[in-house]
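A.B. asks: Take a look at this one; I'll ask things after.
What follows is calculated from the coordinates using simple rules that are stated; it is not laboratory data. In this text the structure is predicted, and so the values were computed from the model without any measurement. Counting neighbours? That spans all protein chains shown, and the Cβs are built from the backbone with ideal geometry, glycine included.
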Amino acid sequence: MITDTFSSKSEPILKPDMICKQAKGKCDICIMMFSHKIVKIARTIWPTEVIGEVGTGVTSIPVYKTTYKGTDVCYFAAPYGAPPSAACLAEANHLLGAKKFIVFGSCGLIDTSLTGKKIIVPTKAYRDEGLSYHYAAPSDYIEMANCKKVCSMLEALGVDFGTGKTWSTDAIYQETGNEIAMHKADGCVCVEMEASALQAISDYYGVELYYYFFTGDVLDEVGWSRENYDEANHSISNIALGFELATMLDR
């Protein structure tokens, strides 16, 4: 079974260093943004240079480097889904020497009591995807290791946020009413596609993962609403938040 896949007693045959091109420089902090539009906006605000690329197994994704308030930060537009985004994280870790990854993107809110919250910090992620079982021992949930630290940083910045479990699923068009009700009853407040996988691969490679979501669409047992998806993900203030966290991690 897929839940029996993980083994710590055998080394992978193919590794990032075998096929990835070398980056032009190193960078300890890397931000993964799940939107090309966000990256485009960031590039118009802060001077950047391309220092490498990830996405060897998917497509060529430029990795940009900038200096924000004295902190060197790399960032790129992460692809949707557990396997491609996890591969990009592994490649960025190898190419850049990055040990701290800030990851943000939108989530679908399933706990409508949090509708007023713009940001959600996941505490645990339900592993309803396949990749994490190759990198971590089987379990229903994986702990989001740095959730308390993310919360502390957001509090220090005066940012309002909610917390709770997230449901990471591969099936973007198969979030059924029954599943939503089940995960909501189990304490999940939102749904997305990558958190559990990115935490598992981060733990495997020994890197620090700092994860938060912007609330966009809302799903419940009977319907779907787009809410403020574009505003939540593409405003300058929200994009700058990731860079602000980077400066705090650099202290």
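A.B. asks: With +1 on the Cβ of every Lys and Arg and -1 on the Cβ of every Asp and Glu, and nothing else charged, how large is the dipole of region 1-61 about its Cα centre, in debye rounded to the nearest 20?
C.D. replies: Working: 8 positive and 6 negative charges, 55 e Å.
Here region 1-61 has a charge dipole of around 260 debye.
A.B. asks: Test of understanding: in a Gaussian network model of the chain with alpha carbons linked when under 10 Å, which of A156, A82, A98 would top the mean-square fluctuation ranking?
C.D. replies: Of the options given, A156 has the highest mean-square fluctuation.
A.B. asks: For Cα extents along the principal axes in Å, the choices are [x] 53, 47, 36; [y] 50, 44, 30; [z] 70, 53, 27; which was calculated from the structure?
C.D. replies: Read-out from the structure maps to [y].
A.B. asks: About its Cα centre, what dipole magnitude does region 119-236 give when the only charges are +1 on Lys and Arg Cβ and -1 on Asp and Glu Cβ, stated in debye to the nearest 20? Display every interim value, and only then the final one.
C.D. replies: On the way: 7 positive and 20 negative charges, 79 e Å.
The calculation lands at about 380 debye.
A.B. asks: Give me, ordered by chain and number, the residues 5 or more places off I119 or on other chains with an amide H under 5 Å from its own placed amide H.
C.D. replies: G162, T215
A.B. asks: Can you give the percent of C-alpha pairs in region 109-251 whose distance is more than 28 Å?
C.D. replies: 17 percent
A.B. asks: What's the center-to-center distance, using Cα atoms, between region 1-30 and region 37-67 in Å?
C.D. replies: Going from one Cα centre to the other spans 21 Å.
A.B. asks: About its Cα centre, how strong a charge dipole does the chain have in debye, to the nearest 20, once Lys and Arg get +1 and Asp and Glu get -1 at the Cβ?
C.D. replies: Details: 22 positive and 31 negative charges, 195 e Å.
Around 940 debye, computed over the chain.
A.B. asks: For K165, enumerate residues with amide H under 5 Å from its amide H, sequence gap 5+ or separate chain, H modeled in the peptide plane.
C.D. replies: Counting only residues 5 or more places away or on other chains, the set is T123, K124, V189.
A.B. asks: Starting from the amide H of A78, placed 1.01 Å from N in the peptide plane, find each other amide H under 5 Å away whose residue is 5 or more places distant or on another chain.
C.D. replies: Residues meeting the amide H criterion: M33, F34, S35.
A.B. asks: Among M153, A185, A137, whose Cα sits farthest toward the positive end of the charge dipole of region 96-251 (+1 at Cβ of Lys/Arg, -1 at Cβ of Asp/Glu, about the Cα centre)?
C.D. replies: Comparing the listed Cα positions along the dipole, M153 ranks first.
A.B. asks: Which distance in nm do the two modelled labels at D217 and D160 give, with both placed 7 Å along the Cα-to-Cβ direction?
C.D. replies: Calculated label separation equals 2.5 nm.
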